[in-house]
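The values are calculated or read from the model by the stated rules, or taken from the named source; none is laboratory data. What you see is a predicted model, and the numbers here were worked out from it, not measured in a lab. For neighbour counting, all protein chains shown are included, and Cβ atoms are generated from backbone atoms with ideal geometry for every residue, glycine included. Remember, those area values only see protein heavy atoms, side chains included, never the ligands or the DNA or RNA. Shrake-Rupley method; radii C 1.70, N 1.55, O 1.52, S 1.80 Å.
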Amino acid sequence: MNDFLFADFLEDHATYAAAEAYWQARLAFFEGQCAPYLRTAFANGQPFYDGNPIVNLADRNAGKAARIVQQCPHEFGHDYTSFEQAIELAGPNGHRPAQEKIIVLTLTQETAQRAEDELRAWFAPA
């Protein structure tokens with residue numbers, strides 16, 4: 001059974017845009033709390049189209065960031081992993097230490113829900 005969503009997102013730019021829109025809609029509840037912190041396009045505006053990250057969020061006030069790296073299901077099959085690392089976030093007063101959660105997955109309804117749940121917990125006020 002093929003349960004992958006946007007399986008050809010790395011080969012088709014329209015499918016890639018649809019995958020990005022899917023994540024933006026799914027994580028819209030973070031608007032006002034989080035904003036992107038990583039570039040997803042070259043200086044000329046051409047998107048990277050590589051899935052790393054497919055979406056990224058930072059709560060600079062809390063010193064937390066997260067990104068989802070979406071992988072090709074044809075190459076990786078069913079996959080989900082997450083980990084945390086120390087980073088620095090740029091802000092109006094320079095760089096400050098932060099914690100970043102990185103979720104690497106192939107997209108299915110199940111992994112999307114798991115990522116959403118993990119991000120809700122990650123960005124929840126302490």
Restricting the range 12-27 to residues that are among the charged types (D, E, K, R) and under 25 Å from Ala65 (Cβ atoms), the residue that is surrounded by the fewest Cβ atoms within 10 Å (Cβ to Cβ)
Arg26
Quick one: would you say Gly94 is at pLDDT below 95, open to solvent by less than 50 Å² (accessible area, probe 1.4 Å) and of a type outside the set (S, T, N, Q)?
yes
Count - residues of the range 77-114 that are closer than 17 Å to Ala7 by Cβ, assigned to a helix (DSSP H, G or I) and not polar (S, T, N, Q)
2
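Suppose the filter is aromatic (Phe, Trp, Tyr), more than 30 Å from His95 (Cα to Cα) and in contact with a Ser or Thr (Cβ under 9 Å, 6 or more places away or on another chain); does Phe6 pass it?
yes
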Which of the numbered conditions does Ala62 fail, given that it passes all the others? Conditions: (1) farther than 26 Å from Pro125 by Cα; (2) more than 12 Å from the chain's Cα centre (by Cα); (3) of a type outside the set (Lys, Arg); (4) assigned to a loop (DSSP other than H, G, I, E, B).
(1)
Checking the condition without any contact (Cβ under 8 Å) to a residue 24 or more places away in the chain, within 13 Å of the chain's Cα centre (by Cα) and assigned to a strand (DSSP E or B), which residue from Asn52, Asn56 passes?
Asn56
